[in-house]
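The values are calculated or read from the model by the stated rules, or taken from the named source; none is laboratory data. No experiment lies behind these values; they were computed from the predicted model shown. Methodologically, a virtual Cβ is constructed for each residue, glycine included, from the backbone with ideal geometry; neighbour enumeration extends over all protein chains shown.
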Amino acid sequence: MDHLTGERIGDGGVVRETRNVSDGQDVASDNITWTISPVTREERAGRFGHRGAVFWFTGLSGSGKSTLSTGLEQHLHRRGLATFVLDGDNLRHGLCANLGFSNEDRSENIRRAGEAAKLMAEAGMVVLCSLISPFRADRRRVREICRRDGVLFAEVFVNAPISVCEARDPRGLYKKARAGEIKQFTGLSSPYETPEAAELELRTSEVSLESCLGTLVEYAMNLSRLDGSSPA
């Protein structure tokens, strides 16, 4: 395995000498190794019948991210794809339970979610990540995390104006934010930076959820095809 760029054989595994964590800082210790699995990505894809991928759903609260990601999961599962949803709220019950909602903690929340999604996609799954992820730099970092290791990635912008999202307000969060009960609420007291080059944009205030799901299913099936072709 010493043909891998920037790596050398070390005791117990492969040391990635030039590998940095996603924020550009050096790994904290020189005494850790990256172990390469003997099971190749191609072998995993052959077992599942499709390639692993990360779909990153971003948009305001109430835009429809969770509805679309869980709907897509159901459709893909019925078609035999190995898939799983990583929802932002669910992650904050476990992996990210120690994080708050400062800009720094939000960035770390996205980094952890991105790294987890990338590992699951390397294992062969189609991973559907539903997080507001308001900042472009954080979303770009996740894209780089995936593409650095050859993992398929698609950003899905679930686009609905804040007036529509606030009118929906399925969990009453906008009402609480307006009342001052929630600080740093994206779209009101904290900014949301719209994607500049998302692979998909779904305008849920203009197009039915059924139509959006149809677009998503077709795109996901094409992206994960074993022949390596990419959707238009």
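Against the conditions (1) part of a helix (DSSP H, G or I); (2) of a type outside the set (F, W, Y); (3) without any contact (Cβ under 8 Å) to a residue 40 or more places away in the chain, G71 satisfies every one except (3). Restricting the search to the range 156-179, which residues are aromatic (F, W, Y) and either under 25 Å from A197 (Cα atoms) or modelled with pLDDT under 95 (or both)? Selection gives F157 alone. Against the numbered list (1) in contact with a strand residue (DSSP E or B) (Cβ under 7 Å, 6 or more places away or on another chain); (2) exposed (fewer than 15 other Cβ atoms within 10 Å of the Cβ); (3) in a loop (DSSP other than H, G, I, E, B), S61 comes up short only at (2).
Contact annotation: residue pairs with Cβ atoms under 7 Å, 6 or more positions apart or on different chains, pairing a residue in the range 85-110 that is closer than 13 Å to P134 by Cα with a partner that is modelled with pLDDT of 85 or more and small (G, A, S), are G88/S130; I110/S133.
Residue-level check: of (1) under 28 Å from P161 (Cα atoms); (2) small (G, A, S); (3) out of contact with any Lys or Arg (no Cβ under 6 Å at 6 or more places or on another chain); (4) not in a helix (DSSP H, G or I), S107 misses just (4).
With the requirement that a residue be within 16 Å of R139 (Cβ to Cβ) and touching a Ser or Thr at 6+ places or on another chain (Cβ under 6 Å), what does the range 64-87 give you? If you could, list the steps in order and put the result at the bottom.
Just the residues of the range 64-87 that are within 16 Å of R139 (Cβ to Cβ), to begin with: 65, 69, 86.
Once the filter is applied, which keeps residues that are within 16 Å of R139 (Cβ to Cβ) and touching a Ser or Thr at 6+ places or on another chain (Cβ under 6 Å), the range 64-87 yields K65, S69.
Picking from residues in the range 169-209 that are under 24 Å from the mean Cα position of the chain (by Cα) and among the charged types (D, E, K, R), the one that is surrounded by the most Cβ atoms within 10 Å (Cβ to Cβ) is E199. Would you check if H77 is free of Cβ contacts under 8 Å to residues at least 60 places away in the same chain, in contact with a strand residue (DSSP E or B) (Cβ under 9 Å, 6 or more places away or on another chain) and loosely packed, with under 15 Cβ neighbours inside 10 Å? Yes, satisfied. Within the range 118-136, can one find any residue that is assigned by TED's automatic domain parsing to the domain that holds L60, surrounded by fewer than 13 Cβ atoms within 10 Å (Cβ to Cβ) and of a type in the set (G, A, S)? Checked the range 118-136: no residue is assigned by TED's automatic domain parsing to the domain that holds L60, surrounded by fewer than 13 Cβ atoms within 10 Å (Cβ to Cβ) and of a type in the set (G, A, S). Do we have any residue at all in the range 201-211 that's of a type in the set (A, V, I, L, M, F, W, C), closer than 25 Å to H77 by Cβ and touching a residue at least 24 places away in the same chain (Cβ under 8 Å)? Scanning the range 201-211, I find at least one residue that is of a type in the set (A, V, I, L, M, F, W, C), closer than 25 Å to H77 by Cβ and touching a residue at least 24 places away in the same chain (Cβ under 8 Å), so the answer is yes. All conditions in (1) aliphatic (A, V, I, L, M); (2) in a loop (DSSP other than H, G, I, E, B); (3) in contact with a Ser or Thr (Cβ under 9 Å, 6 or more places away or on another chain) hold for A97, with the sole exception of (3).
For the range 154-168, a residue qualifies if it is surrounded by fewer than 21 Cβ atoms within 10 Å (Cβ to Cβ) and either under 10 Å from V54 (Cβ atoms) or of a type in the set (D, E) (or both), and the qualifying residues are A154, E166. Evaluation of D30 against the conditions (1) under 30 Å from K175 (Cβ atoms); (2) of a type in the set (D, E, K, R); (3) assigned to a loop (DSSP other than H, G, I, E, B) shows that the sole unmet condition is (1). Looking only at residues of the range 80-98 that are among the aliphatic types (A, V, I, L, M) and crowded, with 17+ Cβ neighbours inside 10 Å, we find that the one that is farthest from F55 (Cα to Cα) is L91.
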